[in-house]
Number of protein chains: 2
Amino acid sequence: MIIDIHGHYTTAPRALETWRNRQIASITNPAEMPKASELRISDDELRESIERNQLRLMRERGLDLTIFSPRASFMAHHIGDFQVSSTWAAICNELCYRVSRLFADHFIPAAMLPQSPGVDPATCISELVKCVEEYGNVAINLNPDPSGGRWSSPPLSDRHWYPIYEKMVEYDIPAMIHVSTSCNPCFHTTGAHYLNADTTAFMQCLTSDLFKDFPTLRFVIPHGGGAVPYHWGRFRGLAQEMKKPLLKDHLLNNVFFDTCVYHQPGIDLLTRVIPVDNILFASEMIGAVRGIDPETGHGFDDTKRYIEAAHIDPQQRHKIYEANARRVYPRLDAALKAKGH
Amino acid sequence: MIIDIHGHYTTAPRALETWRNRQIASITNPAEMPKASELRISDDELRESIERNQLRLMRERGLDLTIFSPRASFMAHHIGDFQVSSTWAAICNELCYRVSRLFADHFIPAAMLPQSPGVDPATCISELVKCVEEYGNVAINLNPDPSGGRWSSPPLSDRHWYPIYEKMVEYDIPAMIHVSTSCNPCFHTTGAHYLNADTTAFMQCLTSDLFKDFPTLRFVIPHGGGAVPYHWGRFRGLAQEMKKPLLKDHLLNNVFFDTCVYHQPGIDLLTRVIPVDNILFASEMIGAVRGIDPETGHGFDDTKRYIEAAHIDPQQRHKIYEANARRVYPRLDAALKAKGH
């Protein structure tokens, strides 16, 4: 079985964006605020949006199951207040849940949180509880910078975030550390802000003792870990200067990297440098890079081809494709076992 | 000849830091502001600080010449106003100039600029002119974020920066794009902010047509280009989505990467992915990562060992060690030729 742990609902019916635009426009004019119930998307519309896009590519590429969360760039936690984020997160999570019911063999949901800059993360707990207990979500996406490129929240090692971590530990679910749209003109969203956030989050873990407080907390760093594996020697050296334990002991029981690296040399470096137990298959399709690589004739984001060509043995490949995901996402494993997988 | 294009004066005599601390303390108490003339460092002190440190390691490792600039993390452009930065930059640049006179065969200077958040970069021109015309500087370090982690300046593609670029083109000198200390608690200076800035700067170039306005402008992206080479497929794909030319045509006449990547797999990826004409030898020693790698028994920052072991031929190695530096830094080439090299 091949599990893609990083998919977003980037192809939702247009009505979703229209509703969101009305919501944003009404922030300065509350009388115009649309109700959640005014968004109507039929099951047929959901089916079509998935069958023509993600599911088509999963079949073409031979992927079985995707952990599916709301579109990352549309989370836009910096827009409006907690109430705006709360209504928006509930709508987006419900859509991913519905997709997971319509295509129960191929999609299982992960939740976005109703984060809002300057607001206590504890306010996200009720949405998280609903998504896990009622919708069967197996993970959350946690935005380390709800300001959208101003980086005004404390580092992930700060007690600010502990209410989320306590609930994650209770439910035994991991968080993918994933920012949203940058509203800072210095940072291109998918070309700089995403990768910077990955590197930043890793370094926040490295400099702290977060995982002493939460030994079972698990973070997935997307986009191949940002700059981290390429600079693994730098990070090993910085940890050594700070008298931290070896990275494998300090972080690698808790931090995992996905394979959203869109060329063969990058995947070759990732699999050479990072222990195979810490690598999870992912493609983040249909996402930031949708085109065909003229150097290969295949989609940039067809990451399975790179894993197939990497110098690893079948057992290692199995870990990357399936076994690690079952270990890092126990609720995914339980859901699969309940179906006899 | 082996030229290290990325060295900072990280080992300056303690009196420099003491003076700076007095300067910083006096920002809120201007009557206490120290004069530049109150800083006294003898030639012998300079000699000792270099001979015991950078020059010792250059000899041990077989490096001939270092392009030497003030300590990056101490630039701290976010501290004080333009006048504070101006005095500080003049002091630091003079020290690097003096080192270059004391060790003329081994050090050639590059200038820091007296940048200050919110201040027109044109105010940096007079220091730049002095450093090139009087001190023989062959390059500048340009900080894309003088706020120190708030990223409040416009992107490098903005006309805001054009006065600097016009002078760079006139003098035919490159800029290393190098941030300084982060005062944002989210960003560890050398583990996150530096690498993020590298990625950010590259993406600012990619999304813009800056090099159409300045066809001969040259940027050196340090620290191996941040996350860029590891994600080269992502950047090729993003450029394609934006209908930009191929990266080799769009950027690689103007953008270069150094080899400050502190392990073999990183250098192997860099030399596999980036055309050899765009790679410049550097180690940034004595810098962020000073220890011995227990996996190799050698310094993490002994990057010559990685270049020696990389799968490249002698001609390619010569380009990385010397020929590319002479091409990208024409004033370095001229200075060497004037000495018969």
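The values are calculated or read from the model by the stated rules, or taken from the named source; none is laboratory data. Remember, it's a predicted structure, so these values are computed and weren't measured experimentally. Counting neighbours? That spans all protein chains shown, and the Cβs are built from the backbone with ideal geometry, glycine included. In case anyone asks, the SASA skips ligands and DNA or RNA and just uses the protein heavy atoms, side chains included. Shrake-Rupley method; radii C 1.70, N 1.55, O 1.52, S 1.80 Å.
Apply the Karplus parameterisation 6.51 cos²θ - 1.76 cosθ + 1.60, with θ equal to phi minus 60°, to every residue of segment A:290-303 and state each ³J(HN,Hα) to the nearest whole Hz, in sequence, with x for glycine and proline.
Going residue by residue, I get 9, x, 9, 6, x, 7, 10, x, 10, x, 3, 8, 7, 5 Hz, with x marking Gly and Pro.
Residue by residue through segment A:62-79, which ³J(HN,Hα) values in whole Hz follow from phi under the Karplus form 6.51 cos²θ - 1.76 cosθ + 1.60 (θ = phi - 60°), with glycine and proline marked x?
With the stated coefficients, segment A:62-79 comes to x, 9, 9, 9, 10, 7, 10, 10, x, 3, 5, 5, 8, 4, 6, 4, 6, 8 Hz.
How do the peptides A:265-273, B:110-118 rank, highest first, by the average count of neighbouring beta carbon atoms within 10 Å per residue?
On the way: A:265-273: 22.7, B:110-118: 24.4.
By packing density, highest mean first, the sequence is B:110-118, A:265-273.
Return a whole-number percent for the relative contact order of segment A:102-239, with Cα pairs under 8 Å and 6 or more residues apart as the contact set. Mind dumping the intermediate values first?
Numbers: 197 pairs, mean separation 30.1, N = 138.
It rounds to 22 percent for segment A:102-239.
In segment B:197-243, what percent of the accessible surface is made up of carbon and sulfur (1.4 Å probe, ligands and nucleic acids excluded)? Present the calculation step by step, with values, prior to reporting the outcome.
Details: 570 of 1110 Å².
On segment B:197-243, the fraction of accessible area on carbon and sulfur atoms equals 51 percent.
From Cα pairs below 8 angstrom and at least 6 apart in sequence, can you work out the relative contact order of segment B:179-314, rounded to a whole percent?
Details: 167 pairs, mean separation 27.8, N = 136.
Answer for segment B:179-314 is 20 percent.
So for segment B:32-186, taking the charge dipole from beta-carbon charges (+1 Lys/Arg, -1 Asp/Glu), which of B:ILE79, B:PHE107, B:CYS186 sits furthest toward the positive end?
Result: B:CYS186, furthest along the dipole toward the positive end.
At 15 angstrom or more along the helix axis (alpha-carbon based) and mean Kyte-Doolittle of -0.5 or higher, what helices does chain B contain? Whole DSSP H runs only. Write down the numbers at each step before the final one.
Numbers: long enough: B:14-25 (17 Å, -1.14); B:82-102 (30 Å, 0.34); B:194-207 (20 Å, 0.32).
Passing helices, by number: B:82-102, B:194-207.
For segment A:304-310, take each phi angle, set θ = phi - 60°, evaluate the Karplus expression 6.51 cos²θ - 1.76 cosθ + 1.60, and give the result in whole Hz per residue in order, putting x for glycine and proline.
Listing the rounded values in order: 4, 4, 6, 5, 4, 8, 5 Hz.
At 1.4 Å probe size, put B:THR66, B:THR87 in order of accessible surface, largest to smallest. Spell out each step's value before the answer.
Numbers: B:THR66 5, B:THR87 40 Å².
Heavy-atom accessible area, descending, gives B:THR87, B:THR66.
Could you sort A:LEU336, A:LEU102 by accessible area so the largest value comes first, with the probe set to 1.4 Å? Spell out each step's value before the answer.
Details: A:LEU336 15, A:LEU102 50 Å².
Highest to lowest solvent-accessible surface, that is A:LEU102, A:LEU336.
So what is the 222 nm mean residue ellipticity for the protein assembly as shown from helices alone, if each DSSP H run of at least 4 adds -39500 (n - 2.57) and you divide by all residues, rounding to the nearest 500 deg cm²/dmol? It would help to have the intermediate numbers written out before the result.
Numbers: 32 runs with 282 residues, N = 682.
The helix contribution divided over the protein assembly as shown gives -11500 deg cm²/dmol.
Leaving out ligands, DNA and RNA but keeping every protein chain, what accessible area does B:PHE82 have, in Å² rounded to the nearest 10, with a 1.4 Å probe?
The value for B:PHE82 is about 50 Å².
Could you state the accessible area per residue of the protein assembly as shown in Å², with a 1.4 Å probe and every protein chain left in place? Please list the in-between numbers first.
Numbers: 24470 Å² over 682 residues.
Accessible surface, normalised per residue, equals 36 Å².
So for the pair B:ILE125, B:HIS318, with labels modelled 7 Å out along Cα→Cβ, what separation do we get in nm?
Label at B:ILE125, label at B:HIS318, 4.1 nm between them.
In square angstrom, rounded to the nearest 10, how much accessible surface does A:HIS250 have for a 1.4 Å probe?
Answer for A:HIS250: close to 20 Å² accessible.
In segment A:310-334, which residues have a backbone nitrogen under 19 Å from the label point lying 7 Å from A:ALA104's Cα in the Cα-to-Cβ direction?
A:331-334
What does DSSP give for the protein assembly as shown in terms of the percent of beta bridges that are antiparallel, rounded to the nearest 5? Provide the component values of the computation, followed by the final result.
Numbers: 2 of 42 bridges.
If I count the DSSP bridges inside the protein assembly as shown, around 5 percent turn out antiparallel.
What residues qualify as long-range amide H neighbours of A:GLY299, i.e. H under 5 Å apart, gap of 5 or more or another chain, H built at 1.01 Å from N?
A:ASP293
Can you list residues whose amide H is under 5 Å from A:HIS178's amide H, if they're 5+ apart or on another chain and H is modeled 1.01 Å from N?
A:LEU142, A:ASN143
Suppose we keep just the DSSP beta bridges with both residues in chain A; what percent of those would be antiparallel, to 5?
Numbers: 1 of 21 bridges.
Counting only bridges with both partners in chain A, antiparallel ones make up about 5 percent.
Taking +1 at the Cβ of each Lys and Arg and -1 at the Cβ of each Asp and Glu, which of B:LEU142, B:ASN196, B:PRO174 sits farthest along the dipole of segment B:98-211 towards its positive end, judged by Cα position relative to the Cα centre?
Most positive-ward Cα: B:ASN196.
Expressed as a rounded percentage, what relative contact order does chain A have, with Cα pairs under 8 Å and six or more residues apart?
On the way: 599 pairs, mean separation 57.6, N = 341.
About 17 percent, as a whole number.
Net charge near A:GLU241: determine it from the other residues with C-beta under 13 Å of the C-beta of A:GLU241, scoring Lys and Arg +1 and Asp and Glu -1.
Details: positive: A:ARG234, A:ARG236, A:LYS243, A:LYS244, B:ARG290; negative: B:ASP293, B:ASP301.
Summing Lys/Arg as +1 and Asp/Glu as -1 gives +3.
How long, wide and thick is the protein assembly as shown, going by the Cα atoms along their three principal axes, in whole angstroms, largest first?
Extents along the principal axes: 76, 57, 48 Å.
Shortest first and in nm with one decimal, please list how far the A:LEU246 label point sits from its counterparts in the other copies (point 7 Å along Cα→Cβ).
Relative to the other copies, A:LEU246 has label-point distances of 4.3 nm.
Quick one: how many lysine pairs does segment A:215-341 have with C-alpha atoms less than 25 Å apart and a gap of 8 or more or different chains? Give me the count, please. Kindly include the intermediate steps, with their values, before the conclusion.
Working: A:LYS248/A:LYS319; A:LYS304/A:LYS319; A:LYS304/A:LYS337; A:LYS304/A:LYS339; A:LYS319/A:LYS337; A:LYS319/A:LYS339.
Summing the qualifying lysine pairs gives 6.
Can you work out the FRET efficiency for the pair A:ALA15 and B:THR18, with r the C-beta to C-beta distance and R0 = 51 Å, to the nearest 0.05? If you can, show how the numbers build up before the last one.
On the way: r = 65 Å, r/R0 = 1.27.
Step by step, r from the Cβ atoms, then E = 0.20.
Size of the dipole of chain A about the Cα centre, Lys and Arg at +1 and Asp and Glu at -1 on the beta carbon, nothing else charged, in debye to 20?
Working: 35 positive and 40 negative charges, 55 e Å.
Value, rounded to 20: 260 debye.
Express in Å², to the nearest 10, the accessible area of A:MET242 obtained by rolling a 1.4 Å probe over the protein heavy atoms while all chains stay in place.
60
Estimate for me the total accessible surface buried between chains A and B (protein heavy atoms, probe 1.4 Å, no ligands or nucleic acids), in Å² to the nearest 100.
Values: alone 14650 and 14620 Å², together 24470 Å².
Buried area between the two chains comes out at roughly 4800 Å².
Would you please give the residues with an amide H less than 5 Å from that of B:MET112, counting only those at least 5 places away or on a separate chain, with H modeled from the backbone geometry?
B:ASN141
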